[in-house]
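Have a look at the structure below, then the notes.
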């Protein structure tokens, strides 16, 4: 059964979805540093950068793999905050920087997208090779969709050491989510994402001038337009519609076989009704849907003496 009544309530003055989203994104500071960075080679002569944090001296049997959202990185406050919360509770943490998101452009023309689970699978295999007996997955926004899609693709064949997962603010229906975020009320978010994506495409055009053109880049005004012009063709899709259909995790949710928490706030400005699969959660035991009335997009702000957001306490509790 889904948990429809959540314990979360926002601090005074942070009731709205936009306020929660912007406060967490722009104003939060997390006093936490990773211990080391590992560069993982990919089969197509590219690389992924992993930021690791250990629970302390000795070895931990538990590890969490964190995956960020669109144009994020392991350095984002929500990634550092979640890594810190798990490390405090005796887990090791491995934060995945998706291709081109670690501060250095990746080599291939393809970067990352909402359904590119082969890179996540490569990281999971690398982490399992370390000998951990318990592995959990946590994804934020785009990374949440990726995490759920990975688990759905593997179904009952998922490695037994993967014990659970959590997806926060996850756009499990990508097409409807693209339409929602492209609304005029989200104009400032779209412009933020497009500025970053345009910079990366200019780098790609210099790296691969035979594959990438920036001729009409500045004319793109929506994320759907960007995905149609760049994300889809550079990753083998026929267009944005084909990309959203094939990369969405929602059709695969019934195949998930490990306990998975989908934590989507009701006032998330990026998520349409189709991203709250209540009937599916009622019918499918491994999936828990929690819908706090507030929280925004990757927000869930809380003020306490440990600096932990409510979503971090909820996620660590669920996966423990």
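The values are calculated or read from the model by the stated rules, or taken from the named source; none is laboratory data. Because the structure is predicted, anything quoted here is derived from the model rather than measured. Here the Cβ is made from the backbone with ideal geometry for all residues, glycine too, and neighbour counts use every protein chain on show.
Check whether at least one residue in the stretch 151-162 is buried (at least 23 other Cβ atoms within 10 Å of the Cβ), in the same structural domain as residue 42 (by TED's automatic domain parsing) and within 22 Å of residue 97 (Cα to Cα), and report yes or no. Within the stretch 151-162, one or more residues are buried (at least 23 other Cβ atoms within 10 Å of the Cβ), in the same structural domain as residue 42 (by TED's automatic domain parsing) and within 22 Å of residue 97 (Cα to Cα). Within the stretch 258-285, how many residues turn out to be at pLDDT 95 or above and in a loop (DSSP other than H, G, I, E, B)? Count: 13.
Can you report the number of residues in the stretch 181-192 which are in a helix (DSSP H, G or I) and surrounded by fewer than 18 Cβ atoms within 10 Å (Cβ to Cβ)?
First pass over the stretch 181-192, keeping only residues in a helix (DSSP H, G or I): 181, 184-192.
Filter once more, keeping what is surrounded by fewer than 18 Cβ atoms within 10 Å (Cβ to Cβ): 184-185, 187-188, 191-192.
Of the residues in the stretch 181-192, 6 are in a helix (DSSP H, G or I) and surrounded by fewer than 18 Cβ atoms within 10 Å (Cβ to Cβ).
Hey, could you check the stretch 108-119 for residues that are in contact (Cβ under 8 Å) with a residue 60 or more places away in the chain and over 11 Å from residue 42 (Cα atoms) and say which is farthest from the chain's Cα centre (by Cα)? Going through the qualifying residues, I end up with 109. Looking at the stretch 91-110, which of its residues are out of contact with any helix residue (DSSP H, G or I) (no Cβ under 6 Å at 6 or more places or on another chain) and closer than 21 Å to residue 128 by Cα? Listed by number, the residues that qualify are 91, 92, 97, 98, 99.
So residue 277 ticks every box in (1) surrounded by fewer than 16 Cβ atoms within 10 Å (Cβ to Cβ); (2) closer than 26 Å to residue 162 by Cβ; (3) touching a helix residue (DSSP H, G or I) at 6+ places or on another chain (Cβ under 8 Å) but one. Which box is left unticked? Checking residue 277 against (1) surrounded by fewer than 16 Cβ atoms within 10 Å (Cβ to Cβ); (2) closer than 26 Å to residue 162 by Cβ; (3) touching a helix residue (DSSP H, G or I) at 6+ places or on another chain (Cβ under 8 Å), the one that fails is (1).
Every residue, every condition in (1) at pLDDT below 95; (2) in contact with a helix residue (DSSP H, G or I) (Cβ under 8 Å, 6 or more places away or on another chain), yes or no:
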position	(1), (2)
20	no, no
49	no, no
58	yes, no
77	no, yes
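Can you find even one residue in the stretch 294-317 that is in a helix (DSSP H, G or I) and more than 18 Å from the chain's Cα centre (by Cα)? Scanning the stretch 294-317 turns up at least one residue that is in a helix (DSSP H, G or I) and more than 18 Å from the chain's Cα centre (by Cα).
If you go through the stretch 25-46 and keep only what is under 30 Å from residue 110 (Cβ atoms) and part of a helix (DSSP H, G or I), you end up with just 25.
Of the residues that sit in the stretch 284-319 and are at positive phi and in contact with a helix residue (DSSP H, G or I) (Cβ under 7 Å, 6 or more places away or on another chain), which one is surrounded by the most Cβ atoms within 10 Å (Cβ to Cβ)?
As a first pass, look at the stretch 284-319 and keep what is at positive phi: 295-296, 298, 300, 307.
So of that shortlist, the ones also in contact with a helix residue (DSSP H, G or I) (Cβ under 7 Å, 6 or more places away or on another chain) come out as 295-296, 298, 300.
Details: 295: 31, 296: 27, 298: 29, 300: 26.
The residue in question is 295.
All of 122, 128, 168 fail the test of being surrounded by 18 or more Cβ atoms within 10 Å (Cβ to Cβ) and either in contact with a strand residue (DSSP E or B) (Cβ under 8 Å, 6 or more places away or on another chain) or without any contact (Cβ under 8 Å) to a residue 24 or more places away in the chain (or both), apart from 168. Set side by side, the residues 56, 90, 77, 81 differ, and just one is surrounded by fewer than 18 Cβ atoms within 10 Å (Cβ to Cβ), under 17 Å from residue 32 (Cβ atoms) and out of contact with any strand residue (DSSP E or B) (no Cβ under 9 Å at 6 or more places or on another chain), which is 56.
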